[in-house]
1. So for the stretch 311-323 (the condition being assigned to a loop (DSSP other than H, G, I, E, B), buried (at least 24 other Cβ atoms within 10 Å of the Cβ) and modelled with pLDDT of 95 or more), does at least one residue qualify?
2. What are the residues in the stretch 91-102 that are of a type outside the set (Ser, Thr, Tyr) and closer than 16 Å to Gly287 by Cα, if any?
3. Quick check on the stretch 258-265. Is at least one of its residues in a loop (DSSP other than H, G, I, E, B) and within 18 Å of Val136 (Cα to Cα)?
4. Pick out the one residue from Asn20, Asn51 that is modelled with pLDDT under 95 and buried (at least 19 other Cβ atoms within 10 Å of the Cβ).
5. From the set of residues in the stretch 340-351 that are within 16 Å of Phe226 (Cβ to Cβ) and within 12 Å of the chain's Cα centre (by Cα), which is surrounded by the fewest Cβ atoms within 10 Å (Cβ to Cβ)?
6. Under 6 Å between Cβ atoms, at least 6 apart or on separate chains: pull out the pairs that start in the stretch 108-119 with a residue that is free of Cβ contacts under 8 Å to residues at least 40 places away in the same chain and end on any residue that is part of a strand (DSSP E or B).
7. Search the stretch 54-97 for residues being touching a Pro at 6+ places or on another chain (Cβ under 9 Å) and at pLDDT below 95, and hand back the single one that is farthest from Ala242 (Cα to Cα).
8. Of everything in the stretch 234-249, what is among the aliphatic types (A, V, I, L, M) and part of a helix (DSSP H, G or I)? Give them in sequence order.
Amino acid sequence: MLLLSLMFETGAAASAAAANTCGEMKSMYKDAGCCGAASKSSMMQVVPMSNHKSGTNICDGNKPKIAYFDNVDCLKDGVAQALEQSGTNVTKGYQGEVDTSAEVGPVQTATAGTVHVLPGRQPITKHYWEVGLCPVNVHWHLGTEHLSVGEYDENGKGPATRRLAAGAVRRGFRCNKYDANNPIFTTPYKWQHCDKAMQVGETYEVHWPHSAAGACGTPNQYQTPFYDGVFCKSGIISLNPANTMEKVGVQGQIFTIVNSEDYFYPNLISGMIVDGDMGQDISKYTGSTTGPSRSNTVCSTYTPITWQVDRKCHLISASAFDKMCADMKAMRDDMSDDLHAHGARELVLSKFAADNHQRLLVDEEDQKINEYRL
């Protein structure tokens with residue numbers, strides 16, 4: 001059985017298996033104050049769960065293995081070796097310096113054949129589902145890889161102490177919502193499904209990679225690594241001419257985790273939350289894959305792809321994250337490598353960022369934006 005956590009508690013480590021152990025269920029029963037209180041709500045939900053995953057994962061191993069997609073030096077003899085990168089400044093009005101109106105190629109590569117990027121590349125501006133893309137993975141980074149002035153930037157705050165998983169990872173920017181005097185930011189949570197190093201009060205940037213070549217609507221839709229899901233079906237993604245920014249996209253949304261059920265959302269695995277002011281102020285641009293293996297020296301060749309990033313930071317309950325991790329464990333593919341926070345790439349310099357960031361309006365913040373044109 002799987003016991004989905006919908007409450008805040010104190011303590012301990014997350015179970016590595018999909019289903020909870022009897023001891024874990026006993027502890028949760030006690031922690032919920034259920035002893036002698038049969039009619040009390042436990043704020044938990046018990047659902048069937050099996051460690052047996054039936055069927056065949058048709059996406060397994062579909063990550064491209066050709067050298068073309070290896071990381072490269074961002075510059076060689078002063079010449080850019082990769083197209084636009086992520087994550088960037090997404091403050092309203094920001095523009096990078098990479099000329100997306102320019103044609104690239106056609107060039108003949110040793111392992112990917114002819115690569116030809118047509119002029120005038122633009123991000124997907126509609127909802128991904130409207131153009132046939134589905135989420136194929138969910139993962140998150142410690143701190144943010146993007147920057148939004150006044151929302152998540154170098155002035156952000158969080159817990160003074162850091163709970164480390166096996167191997168420290170780079171932390172990005174933080175939101176400005178943390179309040180050390182408010183217990184919803186400081187009361188520990190007993191993680192049952194996410195990695196135990198996850199921390200109440202900390203900022204995380206959640207990514208939902210989407211693809212038109214995913215196994216959409218099937219048991220194989222969600223994959224780890226996400227590349228398996230992005231490239232699951234052949235004949236859809238092309239490099240000649242390149243259609244990657246039309247067929248591959250990532251949603252990014254930034255959260256500070258709190259220990260309060262006032263901020264519970266039950267279906268975080270499915271994509272960016274669009275509710276109230278959540279998912280409303282979106283930066284849309286073309287960029288690349290991210291992660292700490294890339295920097296302003298080493299660049300990703302998985303580019304150009306579309307990014308849609310929420311400029312605002314939001315509060316989310318720890319239980320909503322734990323529910324998402326439980327959902328990940330229930331997938332056919334083994335998603336255990338994404339149950340922890342990944343490291344954050346350093347903010348991309350403007351000279352490596354696209355000049356096609358979609359801006360909604362110009363306002364007084366434009367003056368501040370120029371301070372971050374690195």
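The values are calculated or read from the model by the stated rules, or taken from the named source; none is laboratory data. No experiment lies behind these values; they were computed from the predicted model shown. In this analysis, Cβ positions are derived from the backbone assuming ideal geometry, glycine residues included, and neighbour counts consider all displayed protein chains.
1. Residues of the stretch 311-323 that are assigned to a loop (DSSP other than H, G, I, E, B), as a first pass: none.
Scanning the stretch 311-323, I find no residue that is assigned to a loop (DSSP other than H, G, I, E, B), buried (at least 24 other Cβ atoms within 10 Å of the Cβ) and modelled with pLDDT of 95 or more, so the answer is no.
2. If we filter the stretch 91-102 for residues that are of a type outside the set (Ser, Thr, Tyr), which is where we start, we get 92-93, 95-99, 102.
Result: Gln95, Gly96, Glu97, Val98, Asp99, Ala102.
3. no
4. Result of the check over Asn20, Asn51: Asn20.
5. Gly343
6. Pairs found: Gln108/Thr114.
7. Within the stretch 54-97, the first condition is being touching a Pro at 6+ places or on another chain (Cβ under 9 Å), and the residues that meet it are 54-55, 57, 63, 83-84.
Then drop every residue that is not at pLDDT below 95, which leaves 54-55.
Values: Ser54: 36, Gly55: 33 Å.
Ranking the candidates gives Ser54 first.
8. Just the residues of the stretch 234-249 that are among the aliphatic types (A, V, I, L, M), to begin with: 236-237, 239, 242, 245, 248.
Once the filter is applied, which keeps residues that are among the aliphatic types (A, V, I, L, M) and part of a helix (DSSP H, G or I), the stretch 234-249 yields only Met245.
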